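Notes for the one structure printed next.
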Amino acid sequence: MERQRLKTGKFGLGTMIHSVHMTDDVAQLNRFYEEVFGGLLFMGVDEPNYLPVEDRYAGLVVISDLCIETMGPKMPADPTKPVGKFYTKFGRHLHSVGYKADDLPGLGNDLIAKGVYIGAPGGGRIEKMDNRTIYFYPNPRDTYGLMVELCGMEMPGDPRLLPNWSSHVKQWELVHPLGIKRLGWITLGVKDLDDAVARYVELFEAERVHAGTDDAEGARFEILHLGDALLRLAQPLEPGTPLGQHVARWGNMIYGITLVVRDLDAAQDWLGRNSVRASRLNPGLVAADPADTFGAPYFFTTTTFAGDPFA
């Protein structure tokens, strides 16, 4: 059967269409996701897709229920374009998340009414939504650090929309050595957890589902249900941790991706055999070295929590 999607908010925020991973060589990053994560590439299969209005190359790859958009500017990067500007500042880095909204014009106008700057495709400001706009980016300064693409359509060719998806998804959990069961959550590092949570509830009607303190990470966190995925907001309690260094350097910004796996020992062994250094942070959590994953912190866990709407 087709993947069942949970929606939140009055504008029907649903599918997390992708999480963008910025790089300088899209073809190389595509191969990494295919070879190490068992990724299924469905856009840019023969060569990366080029979009002139953004002057960028990209691919789309599915890993269990997570879709990654691999993205890189046409080199040399043009800092006057949004993609080139991001790469010039951050280099290889997680960039954003994206969601499909049932009522994109309604969501856009609601954000504008709340004082949010809405960026048009390729740059420029949207003052009022119209039906010709198929996607836009709220300014992260107005969304407490969340770089988010809001879109009025699903990604063409997304395997998660196929009628046999429930059978197809088993290959990641039962066949591939990583044993990925599903996306756990996307983590955003924030300076003030309480303010950040309030902002996401205000702007996107995010639902609060779990909170706590992570001693291994040195952070206080809260997990929000937003669309068809979980966002984990984490405030570092110690400046010297990787999360603390990330927030000190970049401020409020997307930090890492956590995948739920069947067996941590097997996952860690597979990563090591593919030149990805990984360490056990606690009995239920493995962290891959971002130097080996193109600048993206990846975490693997067997732990879920009470009230997890996707468990």
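Some notes on this structure:
- Per-region count, the stretch 1-40, residues small (Gly, Ala, Ser) and closer than 14 Å to Val61 by Cβ: 4
- Residue in the stretch 179-190 that is closer than 25 Å to Asn139 by Cα and either small (Gly, Ala, Ser) or surrounded by fewer than 21 Cβ atoms within 10 Å (Cβ to Cβ) (or both) present: yes
- Among (1) touching a helix residue (DSSP H, G or I) at 6+ places or on another chain (Cβ under 7 Å); (2) in a strand (DSSP E or B); (3) closer than 26 Å to Gly152 by Cα - the single one Ala234 does not satisfy: (3)
- Restricting Asp215, Asp269, Asp228 to those that are touching a residue at least 60 places away in the same chain (Cβ under 8 Å) and in contact with a Ser or Thr (Cβ under 8 Å, 6 or more places away or on another chain) reduces the list to Asp228.
- Residue that is surrounded by the most Cβ atoms within 10 Å (Cβ to Cβ), among those in the stretch 75-94 that are hydrophobic (A, V, I, L, M, F, W, C) and more than 14 Å from Gly123 (Cβ to Cβ): Leu94
- Screening the stretch 268-305 for residues that are part of a strand (DSSP E or B) and of a type in the set (Ser, Thr, Tyr) and picking the one that is surrounded by the most Cβ atoms within 10 Å (Cβ to Cβ) gives Tyr298.
- Residue tally, condition at pLDDT below 95, surrounded by fewer than 19 Cβ atoms within 10 Å (Cβ to Cβ) and not in a strand (DSSP E or B), over the stretch 46-74: 5
- Selection of first residues in the stretch 125-146 that are crowded, with 20+ Cβ neighbours inside 10 Å and of second residues that are in a loop (DSSP other than H, G, I, E, B), restricted to Cβ pairs under 6 Å at least 6 apart or on distinct chains, gives the following pairs, ordered by first then second residue: Pro138/Val116; Tyr144/Asn252; Gly145/Asn252.
- Matching residues in the stretch 1-45 - criterion: being surrounded by fewer than 14 Cβ atoms within 10 Å (Cβ to Cβ) and in contact with a Pro (Cβ under 9 Å, 6 or more places away or on another chain): Met1, Glu2
- Exclusive hit being in a loop (DSSP other than H, G, I, E, B), under 29 Å from Thr301 (Cα atoms) and among the small types (Gly, Ala, Ser), set Gly115, Gly123, Gly145: Gly145
- Against the list (1) touching a residue at least 40 places away in the same chain (Cβ under 8 Å); (2) closer than 21 Å to Gly179 by Cβ; (3) of a type outside the set (Asp, Glu); (4) touching a helix residue (DSSP H, G or I) at 6+ places or on another chain (Cβ under 9 Å), the condition Arg5 fails is (2).
- Picking from residues in the stretch 148-167 that are part of a loop (DSSP other than H, G, I, E, B) and aliphatic (A, V, I, L, M), the one that is surrounded by the fewest Cβ atoms within 10 Å (Cβ to Cβ) is Met153.
- Among the residues listed as Asp265, Asp308, the single one being over 20 Å from the mean Cα position of the chain (by Cα) and either at pLDDT 95 or above or not in a helix (DSSP H, G or I) (or both): Asp265
The values are calculated or read from the model by the stated rules, or taken from the named source; none is laboratory data. Values in this document were obtained by computation on a predicted structure and should not be read as measured data. Neighbour counts run over all protein chains shown; Cβ positions are idealised from the backbone, glycine included.
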